[in-house]
Amino acid sequence: MKNRSIRHKKYRIWALRPYEVDFTPDYLISRLHPDDVYLINLYTTRLIEKKTPLEFETRIIMPDGSIKWLHNFIKPVLHENEVVGIKGVEIDITETKRKNDELKKLSIAIQKSKASVEITNQDGTIIFVNEGFTDITQYSRDEVIGENPRFLKSGMMSADIYKDLWSTIKSGNTWKGELLNRKKNGDLYWESTIITPHTNENGEIVNFIAIKLDISKEKEFEKRLLELNEELELKIIDRTARLIDANNQLSELNDMKDKFFSIIAHDLKNPFASMMLNSELLLYFIDQGNTDKSKSKAKAILDASIKGHSLLQNLLDWAQSQRNLIRYSVSLLRLKPFTNDVVDMMIEQATDKNINIQNTIEEEIVLYTDSNLLQVILRNLISNAIKFTNKNGVVIIEAKQTSNLLEILVADNGVGMSPEILKKLFRIDTKISTKGTADESGTGLGLQLCKEFVEKLGGTIWAESTPLLGSTFHFTIPKNLIN
């Protein structure tokens with residue numbers, strides 16, 4: 001029975017029906033990734049020569065063309081100290097590979113961030129800095145690890161500021177402020193700083209995470225405004241016009257800055273805190289040999305990485321939009337299969353809550369539009385629908401077309417929204433912090449992206465909702481977008 005069970009497992013790994021083929025050497029090699037064929041020859045030769053067990057990784061090509069990673073354990077079958085056969089066991093490690101790739105991408109995103117990220121222990125000793133920190137301060141990573149951040153002080157700030165800073169974070173609260181610091185070459189620079197304590201499962205502070213942005217140019221801009229105000233004191237009309245214009249610009253900058261800081265301080269730290277905590281627990285449970293709890297913590301790390309990746313993607317899209325870096329790239333799309341691809345990105349999110357996503361879009365609907373912008377819109381609207389729908393709920397995607405326009409709807413039977421919340425949707429200056437039905441967090445940035453991208457495509461977006469009955473988001477876009 002054991003051999004039969006192992007054989008059936010092998011057929012499942014290779015996506016075959018039981019006894020569909022014999023796993024002969026020729027068949028195994030035919031399914032191997034071409035770049036890995038040499039590994040089989042290499043390790044088979046080595047096993048025959050050394051007569052000892054070996055393990056290695058290979059890739060196989062699945063019937064649908066996808067790649068599956070296998071971890072192989074092989075050992076020789078000996079008779080009178082001669083190899084007369086080979087036994088082997090395969091483990092599917094495709095999902096592990098994928099999770100590792102996701103974590104690597106998230107780590108690279110933080111490392112390459114233009115914002116300065118600095119992590120210290122509970123005593124204030126630096127244990128991590130990213131490239132943004134070294135770019136701004138001009139100190140290398142080796143020069144600062146193990147040091148206290150006080151070496152950055154300019155000597156021109158009040159001691160009360162630093163006293164308030166340490167008092168705030170030592171008490172477990174987040175400190176926000178602006179500091180005048182000094183680079184390695186002696187130049188002064190202003191930083192807008194957010195420092196947040198990170199606690200362990202016992203509520204004890206173990207780290208402080210500081211996220212900083214160089215705002216020297218903004219400070220210089222503010223200084224210049226004051227100078228202009230003094231110079232134009234005798235030119236009342238001209239001064240008033242210039243001041244109104246400058247204040248409007250500054251208000252927009254502050255709105256975007258506050259939004260960005262808020263996301264980093266309150267939303268981006270959560271997945272990282274979860275990953276750090278669950279990584280520690282995962283290592284502990286692995287050492288204890290507790291497979292169930294290890295899987296649970298690995299799942300928690302995956303969920304946190306997915307949330308962090310989604311937030312970083314929205315931040316990147318939003319930043320590109322604010323800098324007008326997004327350009328049209330029009331192509332012909334078949335709407336239903338395109339929407340199915342977007343749904344597939346969030347199938348795990350829906351499966352966790354047993355939510356049924358129904359794509360009722362007609363097969364024949366086609367349009368010329370920018371696929372990247374449309375994907376961001378659909379991704380955020382469907383994700384929001386899942387977030388605010390209870391377990392065993394339904395999310396429906398529809399499309400209505402006229403001669404020139406296409407109206408797409410994403411509807412759910414979730415918790416709905418009050419009229420007050422409806423009024424605040426799609427606004428960058430208002431943060432909606434409503435939790436999802438599974439306590440999912442959000443930033444409101446996704447809906448702002450939807451509004452901006454729908455308008456870039458020449459359409460409009462709006463929402464209808466009834467508390468406890470659900471919500472429906474509508475948006476229109478031209479069926480034939482012109483570059």
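The values are calculated or read from the model by the stated rules, or taken from the named source; none is laboratory data. Please read these numbers as outputs of a predicted model, since none were measured by experiment. Cβ atoms come from the backbone with ideal geometry, glycine included; neighbour counts cover every protein chain shown.
The set of residues in region 343-376 being of a type in the set (A, V, I, L, M), buried (at least 18 other Cβ atoms within 10 Å of the Cβ) and under 16 Å from the mean Cα position of the chain (by Cα) consists of Met346, Val376.
Would you confirm whether or not region 187-210 contains a residue that is outside any loop (DSSP other than H, G, I, E, B), more than 29 Å from the chain's Cα centre (by Cα) and without any contact (Cβ under 8 Å) to a residue 40 or more places away in the chain? Looking through region 187-210, at least one residue is outside any loop (DSSP other than H, G, I, E, B), more than 29 Å from the chain's Cα centre (by Cα) and without any contact (Cβ under 8 Å) to a residue 40 or more places away in the chain. Which residue is surrounded by the most Cβ atoms within 10 Å (Cβ to Cβ), if the candidates are limited to region 190-249 and must be closer than 21 Å to Met276 by Cβ and either among the small types (Gly, Ala, Ser) or at pLDDT below 85 (or both)? Looking at residues that are closer than 21 Å to Met276 by Cβ and either among the small types (Gly, Ala, Ser) or at pLDDT below 85 (or both), I get Ala210.
I'd like to know if region 237-247 contains one or more residues that are closer than 20 Å to Thr134 by Cα, of a type in the set (Lys, Arg) and touching a Leu at 6+ places or on another chain (Cβ under 8 Å). So far as region 237-247 goes, no, none of its residues is closer than 20 Å to Thr134 by Cα, of a type in the set (Lys, Arg) and touching a Leu at 6+ places or on another chain (Cβ under 8 Å). When region 108-140 is examined, which residues are found to be of a type in the set (Asp, Glu) and in contact (Cβ under 8 Å) with a residue 60 or more places away in the chain? Listed by number, the list holds a single entry, Glu118. Residue check: is Ile86 surrounded by fewer than 16 Cβ atoms within 10 Å (Cβ to Cβ), in contact with a helix residue (DSSP H, G or I) (Cβ under 7 Å, 6 or more places away or on another chain) and more than 19 Å from Asp187 (Cβ to Cβ)? Answer is yes for this residue.
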